[in-house]
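The values are calculated or read from the model by the stated rules, or taken from the named source; none is laboratory data. Remember, predicted model here, so these are calculated numbers, not experimental data. Glycine gets a Cβ as well: all are built from the backbone with ideal geometry, and neighbour counts include every protein chain shown. Accessible surface is based on the protein model in full, side chains and every heavy atom, while ligands, DNA and RNA are left aside. Shrake-Rupley method; radii C 1.70, N 1.55, O 1.52, S 1.80 Å.
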Amino acid sequence: MNRTLNAFIKKELAQTLRDPRMRVILFVLPMVQMTLFGFAISTEIKRLKLAVFHDPGDRAARQLTERFYSADWFLRVEPEGDDPLRLVRSGRADAALVIPAEGLTRSLARREATVQLILDASNATKARVAESYVSKILATARRGPEPPGPFQLDVRVLYNPTMESSVFLVPGVMSMILCLVTIILTSMSMSKEKERGTFEMIISAPLENWEILLGKTVPFVLIGMLDTVLILLAGTLLFDVPVRGELWKLLLAAFVFVVTTVTIGILISTISKNQQQSMLGSFLFVFPATLMSGIMFPVENMPKTIIVVAYLNPLKYFVTLLRNILLKGGDPWVLWSNIGVLLLMAVATTALSFRRFHQTLN
Amino acid sequence: MISFKFSRARSIALKEIRHILRDPFTVALALGLPFILVIFFGYAIDFDMKDIRLTCVDFDQSRASRQLTEIFSESGYFKIGFPERPDLFLQELDQEKTAGVLIVKPDFGKTLSSPGQTAKVQLLLDGADNSKTSAILSYLPGIQRAAAARLTGLKRQEPVKLRTRFLFNPELNSRWFVVPGLATVLIGLISILLTALTVAREWENGSMELLLSTPVRPLEIIVGKILPYVALGLGGVLFVYLAARIGFRVPFHGSHALFIAACLMFIMAGLSQGLLISVVTRQQQLAMQLSMISGLLPSLLLSGFIFPIESMPVFFHYFTAILPPRWFMVIARGIFLKGAGIGELIGPLAALLVMDIVLMTAATKRFKKDLEP
């Protein structure tokens, strides 16, 4: 590596890290965010407010009610008055269960008990889950375990048998944070110089075009890798996320991902004339990419007409890689095919930036 | 000595308006972006799973086992595939080719027809993808019932029948709850970005120093800067509202006046947050980093948009209170779907108002400190 390029890279690093506030934003905030989100979010829906309306003398109903509150699924809301609809409408309860007036004890004996469930469906997902919880508890309403029927599904969840939320969320949140930090940093770096006029100075330096692009890429990849290690440490030490694959696979995948996002940032930077345009560009990339990372909604469900957009999202491949390496040990086919796609993206965006860069200069 | 002259704030606002009109970028960001993204994601996000890939390893190859796979695929939730090498079925999971493996043992058909015995079918699910696996788990009881009825001809009576009534969204259309949520996230984020960058830019190119040398007071500058963006933000809300009502037919049961008032408070909170960020950082790159970090991920993950606040640990019930989108999420969903009035929403509205005051005061105070030598 020649000395000018070396010096250029050093200058870029020093310039970015000079401001102590930037150091905090780059290295401390990502860890804080990882920790916060990791603890906060749970894919399991819990503590729904439920009121059960029944006759106080109804023994079977009382026993059933206790069963509802014994798990963490429902919080007890005292039934007020005799209008379950009003209770749910006012928002004081998410759900109201109404036991028939003749009492559960008697209707169970007649084998035709019907209970009514009123749900606040303004959050459709929550309502659906609440209904499934209620029907699960009702299925055990008859005393004693059911004799197994002639046909039974024996379900086993592999890799994460207790369905721990953090195991699922940590890879997703990690990729979101990494993407956010690297894209914004890189996309604004070159346009800042264009705005201030220092860009002309770089061009007049004895550096080839590819050297300028390389000099703009390497420092941000280094920063991104340092972030990767910090976030990985926070993610795996604080939360019970297993690391079943080899470390080199993890670092290689992260490296390729960081290179891809940095090159995308560089492309945005070469296209935009000022920092505002860079901001618009990175927002247009970061917002859809994080939303389609697969932890908020199932990406495969997207309508066929626009699913292409999901396949252009580098986060999708990185999340697949992370989950596969952390939980399944990193299958070679998954590892190399996803890394291949990410590399292809990096090469394509670099080629575009190079052409664009060339045009700007001429 | 608090002297606030509206005329001075007005001239700042007029200058800012001229600035905005000259700059198509800001208008596009405020009006176009939320509209396009709400339409795109309103269309893209669908929580109802269909055609989940499931691999079937059928060692039995009997009529009963074929019936079983048919029941799975007829449900519409699953798409059954048969592996080329049945002995390597675990590899299908390792290679992310399937969400689960259904294993039918060789004696399945025989056990099913012999009385008193239970024919078991093993289903291995991929725990690496919680959201998909929990969806599958919620579909399975229905499949199990359908299969038991069809394979054995016996109808099992449920001990207690459940009749459910879904209020506010009877057909459980997930768009009805996604679109107002998405609008909240986008409007909040764009409000922050609008002021964060424009004001930081003035610091960078020195025009802020110029403004400070005039007799204008900090509060006048802040008010003058924010007002035009409030109008711009409300314009963005109008577009998003039209997209939600016309594009996705989301019902609107509440009062429009209340909705506009709440939007106003929410936009003000975002703009003040952006202003505070730009007064503190005075640099576009830092301002952008801070706005995205404080605006994007918290409003996607901690506002109750997808992950309900009640399911979070207790600490976060309080912690999320400092996020404006968490409150507006309740307001937007409440007004759109439930027709909630001021009585039900007084808490969230008050929270937004408090945040407006706190953020605005903080920005002004910080601004004042910068003025003093």
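Structure summary
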read-out: Listing of the range B:281-300 residues, each with accessible area lower by at least 50 Å² in the full protein assembly than in the chain alone (probe 1.4 Å); value: B:GLN284, B:GLN285, B:LEU286, B:MET288, B:GLN289, B:MET292, B:ILE293, B:LEU296, B:LEU297, B:LEU300
read-out: Average accessible surface area per residue within chain A, 1.4 Å rolling probe, Å²; value: 43
read-out: Volume in Å³ per residue [convex hull over Cα atoms, computed for the range B:109-203]; value: 173
read-out: CD proxy at 222 nm, helix term only [per DSSP H run n ≥ 4: -39500 (n - 2.57); per residue of chain A; nearest 500]; value: -21000 deg cm²/dmol
read-out: Extension reserve of the B:GLU74-B:ILE36 stretch, reckoned as 0.36 nm per residue once the Cα distance is removed; value: 10.1 nm
read-out: Degrees, to the nearest 10: A:332-361 long Cα axis against longest axis of chain A; value: 50
read-out: Protein-only accessible surface order, largest first, of B:ARG63, B:ARG201 at 1.4 Å; value: B:ARG63, B:ARG201
read-out: In Å², nearest 10: area of B:PHE305 left accessible to a 1.4 Å probe; value: 0
read-out: Highest-first arrangement of B:26-32, A:71-77, A:254-260, where packing means the average Cβ count within 10 Å; value: A:254-260, B:26-32, A:71-77
read-out: Accessible-area value, A:SER272, 1.4 Å probe, nucleic acids and ligands omitted, Å²; value: 10
read-out: GNM result for chain B, Cα springs below 10 Å: residue of B:LEU264, B:LEU210, B:LEU219 fluctuating most strongly; value: B:LEU210
read-out: Computed lengthening from A:ASN209 to A:ASP55, 0.36 nm per intervening residue step minus Cα-Cα distance; value: 47.3 nm
read-out: Solvent accessible area, Å² - A:SER122, 1.4 Å probe, full protein context; value: 10
read-out: Exposure ranking of A:LEU117, A:LEU344 by accessible area [1.4 Å probe, largest first]; value: A:LEU344, A:LEU117
read-out: Cα long-axis angle, helix A:165-196 against chain A (0 to 90 degrees, to the nearest 10); value: 30
read-out: Chain A - Rg and Dmax from Cα coordinates, angstrom; value: 27.7, 93
read-out: Relative packing of peptides B:326-335, A:298-307, A:331-340 - highest average C-beta neighbours within 10 Å first; value: B:326-335, A:331-340, A:298-307
read-out: Part-to-part distance (alpha-carbon centres) for the range B:220-254 and the range B:110-186, which is given in Å; value: 40
read-out: Per residue accessible area of chain B, 1.4 Å probe, in Å²; value: 43
read-out: Anchor A:LYS136: lysines whose Cα lies under 20 Å away (excluding residues fewer than 8 positions away in-chain); value: A:LYS46, A:LYS49, A:LYS126, B:LYS132, B:LYS155, B:LYS161
read-out: Approximate shape of the range B:1-125 as ellipsoid semi-axes (Cα gyration tensor, √5λ), whole Å, largest first; value: 65, 15, 13
read-out: Percent of beta bridges antiparallel (DSSP, chain A, rounded to nearest 5); value: 35
read-out: Area buried, chain B against chain A - accessible surface, total, 1.4 angstrom probe, square angstrom; value: 10500
read-out: Other protein chain Cβ atoms within 10 Å, averaged over every residue that makes up A:302-311; value: 2
read-out: Average beta carbon contacts from partner chains per residue of A:161-173, 10 Å cutoff; value: 3
read-out: Sulfur and carbon atoms: percent of accessible area, the range B:146-247 [1.4 Å]; value: 60
read-out: Within a Gaussian network of chain B (alpha carbon springs, distance under 10 Å), most fluctuating of B:PHE239, B:PHE168, B:PHE315; value: B:PHE315
read-out: Heavy-atom accessible surface of the range A:259-354: percent carbon and sulfur, 1.4 Å; value: 78
read-out: Neighbouring partner chain Cβ atoms per residue of A:125-134, average, 10 Å criterion; value: 5
read-out: Shape of the range B:52-152, Cα gyration tensor, a/c cut at 1.5; value: oblate
read-out: Rounded, prolate or oblate (a/c below 1.5 giving rounded, otherwise prolate when a/b exceeds b/c) for the range A:78-129 by Cα gyration tensor; value: oblate
read-out: Gained length - B:LEU90 relative to B:PHE252, 0.36 nm times residue gap less alpha-carbon distance; value: 53.4 nm
read-out: Cα shape, the protein assembly as shown, gyration tensor, a/c 1.5 rule; value: oblate
read-out: Surface share of carbon and sulfur [accessible, 1.4 angstrom probe, percent] for the range A:48-139; value: 50
read-out: For the range A:48-139: relative contact order, % (alpha-carbon pairs under 8 angstrom, 6 or more apart); value: 33
read-out: Mean ellipticity per residue at 222 nm, deg cm²/dmol - from DSSP H runs of n ≥ 4 across chain B, formula -39500 (n - 2.57); value: -20500 deg cm²/dmol
read-out: Residues in the range A:214-244 that a label on A:PHE39 would reach, taking backbone N under 18 Å of a point 7 Å out along Cα→Cβ; value: A:231-241
read-out: Taking chain B and dividing mean pair separation by its residue count, relative contact order in percent (alpha carbons under 8 Å, at least six apart); value: 21
read-out: On Cα atoms only, tilt of A:124-139 relative to the major axis of chain A in degrees; value: 40
